[in-house]
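First comes the structure, then the notes that go with it.
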Amino acid sequence: MLKRLATEIAPRMMGYKLARRGLAPVPAPINLTYSVTNKCNSRCRSCDIWKIYPAEKEKLADELTLDQIERLFASIGPVYFFNISGGEPFLRADLPQIIAAGCKHLKPKVVHIPTNALMPARIEALTVEILAWMEIHAPKVTLTLKPSMDGVGDDHDWVRGVAGNYSKLMDTVERLKALQARWPNLKVGVGTVISTMNIHKLPGIIDAATQLNVDTYISEVAEERAEMRNVASDITPPQHAYAEAIRPFIAATMLRLEKAGGMELLTQAMRVVYYDVTTRWLAERRQILPCYAGLSNVHISPYGEVWPCAILGDASSLGNVKDVGLDFWKIWHGPAAMKVRASIKRGECDCPLANQNYANILLSPSAMSQVGQIIAQSRGRALLARLGLAPASPASPSPASQRPTAPLERRDQGEDHPFDLEAANGGRRQRGLKYAYTPRTPSTTPPPMAGVEPEAPQSAGRPVASPPPGPQGEA
């Protein structure tokens, strides 16, 4: 891994810097995200991808076929991170073959797949198929799976739009963890998108996620993306609320740093910097670090559109690979790509997109200096702890009930649970609920919400408040 970093990744980093200045051709990206499908059986209030095929069914036939995907990947060549996205990736029955094509041609070090966890048995079966292939053909590649966890119990189900989702999430996580005994290259985590819909309950989500004992638990701030068709959805939390809510994540990451080594030491320290960058972005709404979208990273849509990132999407497409015989480089070095990169360089867009900001951190001397300081501090604390001269972590996280400052509270303590709000609103879907920052003492416990529906049985999988029809089952 270190050899590849020195011989392949470091030279590309220099290439991106030169290319951004117009002094060299753009190298291949190190981070490729491919949205395998826009089919989705969730009904998330933070995303409208699930509405695409009920409204535009004819577009499903335009998604890249497996043969087209393989030819495209063969034209791209090696990357380092290969991220799968969607829609719900596990709704593509040929997902294992897509991963195999990626490993064969892209030669990634890490393959990452998110999931809504609505199909535990299918997710387990396809993951086993992927791992069995990797065991023979790509044994050194790490596969990471990250089910979404945006609340606890009914709260998760409400944000995700499907009753019973939380129980299926728990089932999916346990099934995936059980596979790790056979396949240690499988890493299981959960992820929370922090939005105006769940930020007031984040400490409880953190506690529940911690109890799952997964390999990683990460968060991202909710974004308005062209890809998700949620622009002007009002889901991004205010800066002061996010800064308060992210403290437990920073504390947990600093604690993990004291025991980390190798690549994990670097990535965990970068995560702390990412949280700081996001906090600053929420306040300043500008590029906090120079952005290398369309240089270090690329995103390919289900239809073959090449995007600099998921935030800009089709509005800033570099071109469609179907129009150039699936030759990625004709798009990557084309005039549209040059125009979009120039716009990004001028700072005409800004965002907290996680996978792009990690690349921006790597390419920023000031950010990497901050990473180095964080690593040095964590190693210093770990050394002092081993010598018995200091506690292991002065910032270690504590359960929500012990934290000195409580999370965001609803303005109206008598406000109904969102399920009830929706029912009272004639079934109309809502998102971006407003919360005020009202610190309270730990002893203040809000009364139970009246009229909350009990969690549906796992087999129910019924949509909440009768959302518009769409693909519900496994494809």
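Only the coordinates and a few stated rules stand behind these numbers; no lab work does. On a predicted model such as this, the values are computed, not experimentally measured, just so you know. Here the Cβ is made from the backbone with ideal geometry for all residues, glycine too, and neighbour counts use every protein chain on show.
What order do you get for 248-261, 194-207 when each peptide is scored by the mean count of other beta carbon atoms within 10 Å, highest first?
194-207, 248-261
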Roughly speaking, what is the centre-to-centre gap between the stretch 1-76 and the stretch 261-297 when only Cα atoms are used, to the nearest Å? 19
What ranking do 156-163, 335-342, 217-224 get when scored by the average of other Cβ atoms within 10 Å per residue, highest first? 156-163, 217-224, 335-342
Fraction in percent of alpha-carbon pairs per bin - 10 Å, the stretch 22-152: 11, 40, 33, 13, 2, 0
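Can you figure out the FRET efficiency of Gln373 with Glu348, using R₀ = 35 Å and their beta-carbon distance, to the nearest 0.05?
Calculated transfer efficiency: 0.65.
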Amide H contacts under 5 Å for Lys187, restricted to residues at least 5 apart in sequence or on another chain and with H modeled in the peptide plane, are Leu143, Thr144, Leu145
Checking rank on 13-19, 236-242, with mean other Cβ inside 10 Å and highest first, the result is 236-242, 13-19
